[in-house]
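We did not get these values from a lab; they are worked out from the coordinates using the rules stated. Computed from a prediction, not measured in an experiment: that's the story for all the values here. Cβ placement follows ideal geometry from the backbone for every residue including glycine, while neighbour counts extend to all protein chains displayed.
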Amino acid sequence: MSRTKGRGRFGIVDVGSNSVRLVVYAAAERNPVLVFNEKVMAGLGRSLASTGRLDPKGIARALDALRRFMALRDQIGVETLVVAATAAVRDAEDGPEFLEKAERICGFKIDLLSGVDEARFAAQGVLSGIPEADGLVGDLGGGSLELVPVSGGKAGPGATLPLGPLRLIDLAHGSLAEAEAVVDRALGEQTWAKEHQSKRLYAVGGVWRNLARIHMAQRNYPIHVLHQYVIPAREASEISRVIEKLGPKSLAQIPDVSERRVEALPFGALVLDKLIGALKAKEVVISAYGLREGILFDRLDKKEQAKDPLIAGCHDLAGRLARFPQHGDEFFKWTEPLFADDVLAETPQEARLRHAACILADIGWYVHPDYRAHYAMTQILLAPFSGVDHPGRLFLARVGYHRHEGRGEPELLGNLSGFITEREHERALVIGLALRLAFTLSGATMGMLPRTRFDVTKSGVTLVVPKKYEALIGEIVSKRLSALARALGRKSDIRIGK
């Protein structure tokens, strides 16, 4: 696939075994921002296992969907559009015939992905959203399961197995007992997977996301963000076995289950349970990034690919909501003395989160003052960031709260003490109070802060301000400096420099 040079809207149509989906991103960039998303449950692969051919009704629905998506491409103004077909079209006897009809509708050639390509893009998508991923990617589509090892930012050779829920339903005539034998046999043949046991399983696919939603609801989990949601392997297996035993009527009554997933869910749960057992996986990590994001990432140039996805995402959000998006870099350098080795020493990962927090410092400015703290917190909790786990997201949200509210506990999500450590609570408070001081001191303007600095000793925090800015030192500045110093267990002072 060629590199994408344009900065206009970028679209992907994923012609899968179960669904045909159009996603449109604001641009092909490191932090892909979704602007449109539509899915049609066509069921192309519904009868593939028994007939070797695509489902006739599925063909009609898929072609109708493509006609609409081509019209939407023009309506939305998509600059670059990729259409990719996967397992069902690849494996069906009449796949070439379907492709010919589909390409006449699209007006260009459709990318028919091989099993190797499908696995590679799925793994690349996970790595683009979770760069530190170390374990095995499992991407469950309607017709196939892709398994790919990932480590050190790279994907290894994997495998494509015919274990998608639609194919299993057809192969096993709707019987979970028969499907279990099929899954056991297919996984037992993957001797290479033993090399990746006792690691994390990165789960991709709509059926598995539905399982995660059910688990969230059971735990009354406060962050309804699926990306990088972690489920202990034992709990994932337990919930999978419960789902396997429920009939369609019972499944349809579960609020967090999509009606369109009811038929496939028990079979997807069976595959997950068996895969966890075969891998002796320690955790299941949900990835909202998969094949489509992998295709997009492959289109980026090397410079864009090398960017940190979290920092890129924070810059994007600040660019939309902050007065001076460039403020973040000033704040990051200005707060460095507070996190020196002999003060609040930080790891490279902690410094990265501080950088992200500084970029997001002003996203609540336009909201009524009484609501800024909770607005900033909510924006950060729900923003479409990647490259950050849930504890990191909560940490950033707490910084956003303290930056506007000072000390205190946010009531929005209740007690969060079990989600981040006491050290992280302390760091979030210090960063938030420092940013609160920064905006007061500078009048929320650019260029002034770099001319001031902190001198931090074992007993005190001194703010050094040039003589030309002496008049900016007032009661509120002194008060907020004092609050910052107290959070560090020190006394505050102000010194006027040259």
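Please give the FRET efficiency for ASN220 paired with VAL367, using the beta carbon to beta carbon distance and R0 = 22 Å, rounded to the nearest 0.05.
Between ASN220 and VAL367 the formula returns 0.20.
From the backbone phi of the range 481-498, what are the Karplus-calculated ³J(HN,Hα) couplings (6.51 cos²θ - 1.76 cosθ + 1.60, θ = phi - 60°) in whole Hz, Gly and Pro given as x?
5, 4, 4, 5, 4, 4, 5, 9, x, 9, 9, 9, 7, 10, 10, 8, x, 7
In straight Cα distance, which aspartates and glutamates are under 14 Å from LYS302, not counting same-chain residues fewer than 8 positions off?
Partners found: GLU29.
Tell me, what ³J(HN,Hα) does each residue in the range 361-376 have, in order and in whole Hz, if you take phi through Karplus 6.51 cos²θ - 1.76 cosθ + 1.60 with θ = phi - 60° and put x for Gly and Pro?
Taking θ as phi minus 60°, the curve returns 4, 10, 6, x, 5, 7, 7, 3, x, 5, 10, 4, 4, 6, 5, 4 Hz for the range 361-376.
Which residues in the range 352-385 have a backbone N closer than 18 Å to a point placed 7 Å from the Cα of ALA444 along the Cα-to-Cβ line?
358-380
Relative to the first principal axis of the alpha-carbon coordinates of the chain, what is the inclination of helix 265-279, with its axis defined by its Cα atoms, in degrees from 0 to 90 and to the nearest 10?
It is inclined by approximately 70 degrees.
For the range 9-113, with only Lys/Arg (+1) and Asp/Glu (-1) charged at the beta-carbon, what is the dipole magnitude about the Cα centre, in debye rounded to 20?
Dipole size: approximately 240 debye.
So how tilted is helix 95-106 from the main axis of the chain? Cα-based, degrees 0 to 90, rounded to 10.
It is inclined by approximately 50 degrees.
Of the listed values (i) 29.5, 120; (ii) 25.6, 84; (iii) 22.8, 68, grab the one calculated as Rg and Dmax of the Cα atoms in Å from the structure here.
Only one listed value fits the structure, namely (ii).
Can you return the lysines within cross-link range of LYS109? Criterion is Cα-Cα under 19 Å, with same-chain partners fewer than 8 residues away left out.
LYS101
Between the range 187-246 and the range 458-498, how far is it from one alpha carbon centroid to the other, in angstrom?
Their Cα centres are 50 Å away from one another.
How tilted is helix 233-245 with respect to the longest principal axis of the chain? Cα atoms for both, answer in degrees (0 to 90, nearest 10).
Value to nearest ten degrees: 40.
Return the calculated 222 nm mean residue ellipticity for the chain, to the nearest 500 deg cm²/dmol, obtained by summing -39500 (n - 2.57) across DSSP H runs with n ≥ 4 and dividing by the residue count.
Calculated mean residue ellipticity at 222 nm is -14000 deg cm²/dmol.
Which shape class, rounded, prolate or oblate, goes with the range 116-292 when its Cα gyration tensor gives a ≥ b ≥ c as root eigenvalues, a/c under 1.5 marks rounded, and past that a/b bigger than b/c marks prolate?
oblate
Between ARG260 and ARG67, what is 0.36 nm times their sequence separation minus the Cα-Cα distance? Round to one decimal in nm.
Taking ARG260 through ARG67 to full extension adds about 67.3 nm, to one decimal.
Mind scanning LYS154/LYS199; LYS249/LYS280; LYS249/LYS274; LYS245/LYS274 and naming the pairs with a C-alpha gap bigger than 26 Å?
From the list (LYS154/LYS199; LYS249/LYS280; LYS249/LYS274; LYS245/LYS274), the Cα-Cα distance tops 26 Å for LYS249/LYS280.
Please identify which residues in the range 319-346 have an amide N closer than 20 Å to a label point set 7 Å out from the Cα of LYS458, following the Cα→Cβ vector.
337-346
For the pair LEU382/GLU189, report the inter-label distance in nm, with labels modelled 7 Å from Cα in the Cβ direction.
Placing both labels 7 Å along Cα→Cβ, they lie 4.6 nm apart.
Taking the Cα centroid of the range 255-309 and of the range 355-430, what is the distance between the two, rounded to the nearest whole Å?
27 Å
What does the highest-first list of 429-436, 138-145, 218-225 look like by mean Cβ count within 10 Å?
138-145, 429-436, 218-225
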